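Reading through the structure tokens given below for one structure.
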Amino acid sequence: MPILRSALVIALFYATALTPALAQDSPIPAPVAAMIRSAATLDDGAALDSVLQTAIRTFPNQREALIALANSLAPTPDAPAEPPPGGFFSLSGWQGQIELGGTLNSGNTREKAVATALAVKREADRWKHAAKLTFDFTQSGGVTTKQRLFAAYQLDYKFSDRAYALGVADYEDDSFSGFSNRINLGAGFGYKVLASERYQWNLEAGPGLRLDNIAGGGRDTLVVGRMASRFSWEISDSALFSHDASALIDGGALLESTAALTLKINAALSGKLSYNTRYNTRPPAGIRKTDTTTRASIVYNF
């Protein structure tokens, strides 16, 4: 900055010596115009105002012409940021991931297994939408040993940066659980216990309603209490650990826990290893209380 001012003083000296009596409509001296143009290109125009004021004090009759020149050279402000995604029903602004895993064995043991999942989310203003769809299928020796479809949707409304209300609905169709299908509906409140760059932990609780369609006929409608925990830890820029847990309590309990480690391959692809445990304290006759699934898969983020 001092160097620029010194150069300006020299330029003004010569300009003054060459033009001792400038008229109002005479052009700006070339050395002065050159210094103003130079100031506009340095440090994003940080020195432009200082150089302009010095020029105006030296050539007060050229004030309007000097200001017009400086305005034409001033840096253009950054364009305004893109507006946030549209309203509640907008289809824009969604993010998500597709997960695919599977095995295929032949020879002495003939077995094939497929595991797929789709998860999407969207935040706009105080609303957050989150939906998930998973499908697991296993066949061994030509006999199906596992077939489960699960779909869930949750809507959050934020009261503050940490507190929110929620509504949730999910549907489960599992041929080997003793139920034809199950529907869970719930509402409640959630709170972000941890909300830092590397750690996120949400706790949720509220009442709910569970509709059980029992295999072979019959239906149970139960009022339940619902609790959930969602924890994530960004171990590094390329590694993420997560743990989701939920409980539906109605005298008995239906508990579920999923721990996962995700390793980033590139911006779009990741590898994921997860372990899921489901525990029912009162399963239908002939059904075990505990069911576990270990899954290795590739994840595509979009």
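The values are calculated or read from the model by the stated rules, or taken from the named source; none is laboratory data. The shown structure was predicted, so the numbers you read here are calculated from the model rather than taken from an experiment. Please note: Cβ atoms are built from the backbone with ideal geometry, for glycine as well, and neighbour counts cover all protein chains shown.
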request  = Return yes or no: is residue 104 in a strand (DSSP E or B), modelled with pLDDT of 95 or more and either touching a strand residue (DSSP E or B) at 6+ places or on another chain (Cβ under 6 Å) or assigned by TED's automatic domain parsing to the domain that holds residue 201 (or both)?
outcome  = no
ask   = Which pairs have Cβ atoms under 6 Å, sit 6 or more apart or on different chains, and link a residue in the range 277-302 that is among the basic types (Lys, Arg) to one that is surrounded by fewer than 16 Cβ atoms within 10 Å (Cβ to Cβ)?
value = 282/252
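To keep it simple, each residue is scored yes or no on (1) of a type in the set (Gly, Ala, Ser); (2) over 20 Å from residue 206 (Cβ atoms).
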| site | (1), (2) |
| --- | --- |
| 102 | yes, yes |
| 105 | no, yes |
| 116 | no, yes |
| 127 | no, no |
| 145 | no, yes |
| 148 | no, yes |
| 156 | no, no |
task = Taking residue 112 as the residue in question, decide whether it is part of a strand (DSSP E or B), of a type in the set (Lys, Arg) and more than 22 Å from residue 297 (Cα to Cα).
result = no
query = Within the range 233-249, how many residues are surrounded by fewer than 17 Cβ atoms within 10 Å (Cβ to Cβ) and either of a type outside the set (Gly, Ala, Ser) or at pLDDT below 95 (or both)?
reply = 7
message = Can you find, within the range 282-301, the residue that is surrounded by the fewest Cβ atoms within 10 Å (Cβ to Cβ) among those that are aliphatic (A, V, I, L, M) and not in a loop (DSSP other than H, G, I, E, B)?
response = 296
ask   = Does residue 37 satisfy the condition of being basic (Lys, Arg), modelled with pLDDT of 75 or more, over 30 Å from residue 296 (Cα atoms) and surrounded by fewer than 17 Cβ atoms within 10 Å (Cβ to Cβ)?
value = yes
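Does the range 178-194 contain any residue that is touching a residue at least 60 places away in the same chain (Cβ under 8 Å) and closer than 30 Å to residue 112 by Cα?
yes
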